[in-house]
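Q: So that we are looking at the same thing, I have put the structure below in structure tokens.
Please treat every number below as a calculation from the coordinates, not as lab data. Keep in mind it's a predicted model, so treat the numbers as computed, not measured. Positions of Cβ are generated from backbone atoms using ideal geometry, with glycine treated the same way; all protein chains shown enter the neighbour counts.
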Amino acid sequence: MSAMGDILIKDGFIATMDRDRTVYKSGDMYIDDGKIVSIGKDVEAPRSPEYTMDARNKVVIPGFVNVHTHLQQYFRGVYELIGDFYKVNLPLEGYRRPEDMEWLGLASCAEFIHGGSTTAMLIYTYPDGFAKAVEEAGNRMIIGADIEEVDLNRLKEGVYEYLPEKGEAAYKRAVDLHRNWHGKGLITTIMAPKAADLAVTETYLRCKEYAEEHGLNVTTHLSQSWREVQQVERLYGKTPPQH
Ligand SMILES: [Zn+2]
């Protein structure tokens, strides 16, 4: 038996999503060591796999891919009820501590698996603890350390004060994330300047350069609020996409 154990899924409605879009109305799937070995109408499997799942009346499909997430369990209910991004959400982010990230990450990974997402791109300020959690949980993740360099408390009042030392620390976290975690298990990394009103142009260019040098992608938030549009227009005389 393999280290990860083997699994036989029996009698499920299997949508394979293969090239021919093969569907088995009642099929089996045998997985060994994390890989699908066989799939079809009665598949060959050892007499007693470590796990056997009865999938009758269930759909078996490839995992969902969540292309943008932040895994912020501790904001649950807040975003939905008093979700003013600049007044409530961003300042709240200032309360989280790096040491909280691992258990938040584990809770998030469990929720992902429960919801059927096996792959996600997630962006967070203190990604190291998340990466540890992801490695433990086994999700496939593209992780970005977001680079945001404004004073969040002043921003609450509508004032943009850019703090180069904050940006520098965030950039260093992004580089450390890449160095320490890229390619480990199912983890890869991405550069993530947060938004055109929250990170300055030099930071975007720095991220682009680093990404090109190391073969990474870059992600960012774009036009996520009216306030961002106004600030970018004020700074650069353009809309965020034009900028
Ligand atoms: Zn986002």
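Q: Where a Cα-Cα gap under 23 Å defines reach, which lysines qualify for K166, not counting those fewer than 8 residues away within the same chain?
A: Cross-link targets: K87, K156, K194, K208.
Q: Per residue of the stretch 61-69, in order, report the coupling 6.51 cos²θ - 1.76 cosθ + 1.60 (Karplus, θ = phi - 60°) as ³J(HN,Hα) in whole Hz, putting x for Gly and Pro.
A: 9, x, x, 6, 10, 8, 8, 7, 8
Q: Need the list of lysines near K184 for cross-linking: C-alpha distance under 20 angstrom, and skip anything on the same chain fewer than eight residues off.
A: Once the sequence-local lysines are set aside, what remains near K184 is K35, K132, K172.
Q: Just to be sure I understand: of the beta bridges DSSP finds with both ends in the chain, what percent are antiparallel, rounded to 5?
A: So the antiparallel bridges amount to about 35 percent of the total.
Q: Related question: What relative contact order, as a whole-number percentage, does the chain give when Cα pairs under 8 Å and 6 or more residues apart are counted?
A: Worked out over the chain, it gives 12 percent.
Q: Before rounding to the nearest 500, sum -39500 (n - 2.57) across all DSSP H runs of length at least 4 in the chain and divide by the residue total; then give [θ] at 222 nm in deg cm²/dmol.
A: -10000 deg cm²/dmol
Q: Could you calculate the FRET efficiency of E168 with S26 from 1/(1 + (r/R0)^6), where r is the beta carbon distance between them and R0 is 41 Å, rounded to 0.05?
A: 0.10
Q: I've got another one for you. Kirkwood Rh over alpha-carbon pairs of the stretch 1-128, then Stokes-Einstein at 4 °C and 1.567 mPa s: what D in µm² s⁻¹, rounded to an integer?
A: 74
Q: Taking 0.36 nm per intervening residue step and subtracting the Cα-Cα distance, what contour gain separates N57 from R154 on full extension?
A: 29.5 nm
Q: Something else about it: Under 16 Å from a point 7 Å along the Cα-to-Cβ line of D176: which residues of the stretch 118-151 have their amide N that close?
A: Within reach of a label on D176: 124-133, 144-148.
Q: Loop by DSSP (not H, G, I, E, B), at most 10 other beta-carbon atoms within 10 Å: where is the longest site-free stretch of the chain for GluC sites (Glu not before Pro)?
A: The longest such stretch corresponds to 45-156.
Q: Where Lys and Arg each count +1 and Asp and Glu each count -1, what net charge lies around A137 among other residues with Cβ under 14 Å from its Cβ?
A: Around A137, the surrounding residues sum to -1.
Q: Rounded to the nearest 20 debye, what is the charge dipole size of the chain about its Cα centre when +1 sits on each Lys and Arg Cβ and -1 on each Asp and Glu Cβ?
A: Details: 28 positive and 37 negative charges, 96 e Å.
So the dipole magnitude of the chain works out to roughly 460 debye.
Q: Oh, and also: Using the Cα centre as the reference, give the magnitude of the dipole from point charges on the C-beta atoms of the stretch 134-243 (Lys, Arg: +1; Asp, Glu: -1; all else neutral), rounded to the nearest 20 debye.
A: Once rounded to the nearest 20, the dipole reads 200 debye.
Q: Can you order the peptides 14-25, 184-195 by their average number of other Cβ atoms within 10 Å per residue, highest first?
A: So the order, starting with the most tightly packed, is 184-195, 14-25.
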